[in-house]
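The values are calculated or read from the model by the stated rules, or taken from the named source; none is laboratory data. Note that the coordinates shown come from a computational prediction; the quantities given were computed from them, not determined experimentally. Don't worry about glycine lacking a Cβ; one is built from the backbone with ideal geometry, like all the others, and counts go over all protein chains shown. Side chains are part of the model used for accessible areas, which takes the heavy atoms of the whole protein and leaves out ligands, DNA and RNA. Shrake-Rupley method; radii C 1.70, N 1.55, O 1.52, S 1.80 Å.
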Amino acid sequence: MPAFSRSQTNLIVYLTSFFLYNFARVLPHAVLTVILLNKGMSVGQIAVIQSFFMIAVLGFELPSGLLTDSWSEQRVYELSLLLLALSYGLIMWSHSFWILSGSWFIYGISSAAIGSSLETYFLRQYQHNESLIKQFNVRFNNTKL
């Protein structure tokens with residue numbers, strides 16, 4: 001078994017965790033509609049609630065990248081995990097249309113921050129090696145669901 005450098009080990013752990021995160025994020029979307037229907041939401045309300053996720057991702061992609069630049073990748077990543085836990089908690093316990101919409105919005109912010117924080121970490125690690133950046137981008141894109 002070949003010995004991996006710390007950077008290679010970090011990359012393997014990141015790509016594996018990113019795959020599992022995306023798998024855990026995408027798979028439940030198939031049952032979230034059923035959960036929302038059980039909470040008394042109409043199909044129209046579900047569409048509005050889920051649109052809050054995309055609005056947040058689009059609106060917070062750039063700010064989360066700027067926050068990553070001014071703070072650190074680790075801090076933004078930890079914040080995104082806290083936001084993810086908060087959104088999941090709100091989704092589990094709430095039956096209110098507005099709280100569920102807000103929780104999907106928080107979920108979108110978390111998703112934007114997770115992507116920008118860890119991706120930035122590795123791009124900074126490889127900033128002086130174009131070949132490694134290309135390899136990272138190929139592996140990263142192949143890991144997405």
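Normalised by the number of residues in the chain, the average gap of Cα pairs under 8 Å and 6 or more apart makes the relative contact order 32 percent.
On the chain, 68 percent of the accessible area sits on carbon and sulfur atoms, based on a 1.4 Å probe. A Gaussian network model of the chain, with springs between Cα atoms under 10 Å, assigns the largest mean-square fluctuation among Ala56, Ala85, Ala113 to Ala85.
Given just the C-alpha atoms of segment 1-138, how large is their convex hull per residue in cubic angstrom?
Hull volume normalised by residue count: 128 Å³.
Geometric descriptor of segment 59-145, per residue, is 97 Å³ (volume of the convex hull of the Cα atoms).
For the chain, excluding the exposed loop sites themselves (chymotrypsin sites (Phe, Trp or Tyr not before Pro), DSSP loop, at most 16 other Cβ atoms within 10 Å), the longest remaining stretch covers 72-145.
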